[in-house]
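Asks: Below is a structure I'd like to ask you about.
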Amino acid sequence: MKANKLTAAITAVGGYVPPDVLSNKDLESIIETSDAWITSRTGIQERRILKQGASSDMGVAVLKELCEKSGTSMLDIDLVIVGTITPDYIFPSNANVICDKAGAKNAWGFDLGAACSGFLYALSVGSQFIETGKYKKVAVIGMDKMSSIVDYQDRNTCVIFGDGAAGVLLEPNAEGFGVQDFDLYSDGKGRELLYQPAGGSLMPPSEDTVKNRLHYLKQDGKTVFKHAVTNMGDATIKLMQKHNLSAETLDWFVPHQANMRIIDAVADYANFPKEKIMINIARYGNTTAATLPLCFWDYENQLKKGDKVVLAAFGGGFTWGAVYLTWAY
Ligand code: UT7
């Protein structure tokens, strides 16, 4: 625990998943796949799809829940950091749009594009603004409307992803609870193994990019899988060793929800018992920047003050890392 220093504690959790469910059975009528294949190869049974509205709408719902649960006026929010790769526009940022729609008139904010590591990166950045004493209320939101960049003709990717958003409110804590440490990494050599080829400055939109379906996400699943297991596992173990944490003394491990087989492999690697791992992949699939805070949203009732929690993620970029925090309520 960090002593004699302000720590950034999570004081509320908010989440939003759209009501429309896309089940494995539904996918069977769209592409050549089967419920059995998807369940056994990924652990996913269904995912949510945002049929109407933009990703910012999910973020607005999250920010409102954070304010309601913590008894915070929207006008007191200082900063909104959004991890996303599916903002409403390339610019302005979703943080900008969300603050306007939610009425967070005194906040500023920015988006952070680190794909599936977006929430980890954003949480680490947000905690700095609290630790320095600069701000008192920082909202960190991970959100993605993956259905807007997923190719429903590509069975390698479309069965995995879903839409959702969730986030946390960070506030200063004098008891030492909250974010304790983080180790974050990136390696741009992986940039074309999981990415959206067109639409940026390298390949601006054209008739060809649309015809060739280059505005959709592409993934070399097998290679990403291998990197995800070793990098998430290594980052987790390294951070735990640094803080003298063991599988016994840790209360919760929160892994990015990309594939149940990745979660199982990382759990084996780090020796975590199943009951200490937050898992909700079956219901939401991979919601990219939203998976980690959605785990908090689902497990909030089981978390206790002082619980030691390690989060880990791996995603496009490549980006990855781990965060160690203690639960504050
Ligand atoms: O969140 C960011 C990080 N992302 C990840 O961590 C994702 C990492 N990758 C994965 O989760 C897995 O690689 C996938 C779920 C994407 C794919 O699973 P896999 O076990 O690696 O399958 P594969 O790509 O090796 O494909 C095995 C077989 C192939 O058929 P053949 O060539 O053996 O005849 C595929 O064509 O499964 C086939 N296949 C499918 N079959 C039914 C691939 N997708 C499907 C599908 N339904 N949806």
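Asks: Tally time: how many residues in the stretch 110-166 are of a type in the set (Asp, Glu) and farther than 22 Å from TRP320 by Cβ?
Replies: Residues meeting the conditions: 4.
Asks: For the stretch 217-248, name all the residues that are under 30 Å from ASP154 (Cα atoms) and either more than 11 Å from the ligand (Cβ to nearest atom) or assigned to a strand (DSSP E or B) (or both).
Replies: LYS218, GLN219, THR230, GLY233
Asks: Name the one entry in GLY190, GLY199 that is under 20 Å from GLY83 (Cβ atoms), away from the ligand (no atom under 14 Å from the Cβ) and surrounded by 13 or more Cβ atoms within 10 Å (Cβ to Cβ).
Replies: The match here is GLY199.
Asks: Oh, and also: Take the residues of the stretch 291-318 that are within 10 Å of LEU120 (Cα to Cα) and of a type outside the set (Phe, Trp, Tyr): which is surrounded by the fewest Cβ atoms within 10 Å (Cβ to Cβ)?
Replies: Among them, the one singled out is LEU311.
Asks: Same structure again: For the stretch 78-99, name all the residues that are part of a strand (DSSP E or B) and either closer than 17 Å to THR288 by Cα or among the β-branched types (Val, Ile, Thr) (or both).
Replies: VAL80, ILE81, VAL82, GLY83
Asks: Exactly one condition in (1) of a type outside the set (A, V, I, L, M); (2) under 30 Å from LYS189 (Cβ atoms); (3) modelled with pLDDT of 95 or more is not met by ASN271; state its number.
Replies: (3)
Asks: Among the residues of the stretch 41-66 satisfying the criterion of being open to solvent by less than 40 Å² (accessible area, probe 1.4 Å) and in a strand (DSSP E or B), which is nearest to the ligand (Cβ to nearest atom)?
Replies: In this case the residue turns out to be ARG47.
Asks: Now for a separate question. Being more than 21 Å from GLY317 (Cβ to Cβ) and within 16 Å of the ligand (Cβ to nearest atom) narrows it down to one of VAL159, VAL168, so name that one.
Replies: Numbers: VAL168 fails: within 16 Å of the ligand (Cβ to nearest atom).
It is VAL159.
Asks: What number goes with the only condition from (1) open to solvent by less than 10 Å² (accessible area, probe 1.4 Å); (2) within 16 Å of the ligand (Cβ to nearest atom) that ASN94 does not pass?
Replies: For ASN94, the failing item is (2).
Asks: Which residues, taken from the stretch 8-29, are more than 16 Å from the ligand (Cβ to nearest atom), open to solvent by less than 30 Å² (accessible area, probe 1.4 Å) and closer than 17 Å to ALA165 by Cα?
Replies: Listed by number, the residues that qualify are ILE10, ALA12, VAL13, GLY14, GLY15, VAL17, PRO18.
Asks: Filter the stretch 30-40 down to the residues that are open to solvent by less than 90 Å² (accessible area, probe 1.4 Å) and assigned to a helix (DSSP H, G or I), then identify the one that is nearest to the ligand (Cβ to nearest atom).
Replies: ILE38
Asks: Here are some residues: ASP208, ASP220. Which one is free of Cβ contacts under 8 Å to residues at least 12 places away in the same chain and open to solvent by 60 Å² or more (accessible area, probe 1.4 Å)?
Replies: On inspection, the qualifying residue turns out to be ASP208.
Asks: Within the stretch 249-266, restricting attention to residues that are open to solvent by less than 10 Å² (accessible area, probe 1.4 Å) and not in a loop (DSSP other than H, G, I, E, B), which residue is nearest to ILE44 (Cα to Cα)?
Replies: Only one residue tops the list, namely ILE263.
Asks: Next up: Does any residue of the stretch 317-326 turn out to be outside any helix (DSSP H, G or I), more than 16 Å from the ligand (Cβ to nearest atom), farther than 17 Å from GLY43 by Cα and in contact with a helix residue (DSSP H, G or I) (Cβ under 7 Å, 6 or more places away or on another chain)?
Replies: Yes, the conditions are met somewhere in the stretch 317-326.
The values are calculated or read from the model by the stated rules, or taken from the named source; none is laboratory data. Keep in mind that what you see is a predicted model, and the values were worked out from it rather than measured. Every residue, glycine as well, gets a Cβ built from its backbone with ideal geometry; the counts of neighbours run over all protein chains shown. We work out accessible area using only protein heavy atoms, side chains counted, and drop any ligands, DNA or RNA first. Shrake-Rupley method; radii C 1.70, N 1.55, O 1.52, S 1.80 Å.
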